[in-house]
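Nothing in this text is a laboratory measurement; each read-out follows from the coordinates by a stated rule. Quick caveat: nothing in here was measured; it's all calculated off a predicted structure. Backbone-built Cβ (ideal geometry, glycine too); neighbour counts: all protein chains shown.
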Amino acid sequence: MATLAEQATALLDLCRRSKLRIATAESCTGGLIAATLTEIPGSSDVVDRAFVTYSNEAKQAMLDVPIATLRQFGAVSRETAEAMATGALANSPAELVVSVTGIAGPGGGSTDKPVGLVHFAAASKRGQLIHHQRRFGDIGRSHVRQASVVEALAMLRELAEAH
């Protein structure tokens with residue numbers, strides 16, 4: 001299995017060849033996806049920006065996530081992840097975006113939304129929109145966040161390969 005740095009490098013190389021730029025919209029990962037990508041030298045020709053929208057107010061202000069979506073479905077939901085992704089597309093020149101919202105723990109979980117639940121959405125300017133839900137379990141905050149980075153990079157690669 002490739003290391004995280006190798007996965008990020010492969011994604012950046014693929015995007016570079018296809019002239020694709022990336023933006024991230026991150027909640028529970030707090031910028032880790034963007035940090036993983038920008039750790040690679042030369043990433044600035046692919047990575048456009050990162051929205052770290054930890055609060056609901058930030059999701060609304062920076063990504064245009066409707067307050068009605070947050071109220072009806074909550075911050076950790078497919079609907080919010082998809083709204084975050086489409087908002088990142090609308091508020092950046094990037095061709096590909098990924099969004100992440102979840103409960104990394106150790107607290108904050110419930111029966112319906114347990115610790116380790118993470119929703120992802122990836123979208124492209126071509127109109128593609130994919131959603132993944134993962135239940136990593138109560139594996140520890142750091143592990144949930146790292147597993148989320150791996151998932152997000154894989155989703156971006158999937159979109160880049162389809163582009």
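For the reader, a short list of remarks on this structure follows.
- Screening Met155 against (1) farther than 21 Å from Glu82 by Cβ; (2) crowded, with 21+ Cβ neighbours inside 10 Å; (3) in contact with a strand residue (DSSP E or B) (Cβ under 9 Å, 6 or more places away or on another chain) leaves a single unmet condition, (1).
- Taken together, the criteria place Leu20 among residues that are assigned to a loop (DSSP other than H, G, I, E, B), surrounded by fewer than 22 Cβ atoms within 10 Å (Cβ to Cβ) and more than 15 Å from the chain's Cα centre (by Cα).
- Hits in segment 1-13 - residues which are surrounded by fewer than 17 Cβ atoms within 10 Å (Cβ to Cβ) and in a helix (DSSP H, G or I): Leu4, Ala5, Glu6, Ala10, Asp13
- Number of residues in segment 23-32 that are part of a loop (DSSP other than H, G, I, E, B) and either surrounded by fewer than 23 Cβ atoms within 10 Å (Cβ to Cβ) or at positive phi (or both): the value is 3.
- The set of residues in segment 36-57 being under 16 Å from the mean Cα position of the chain (by Cα) and exposed (fewer than 15 other Cβ atoms within 10 Å of the Cβ) consists of Ser55 alone.
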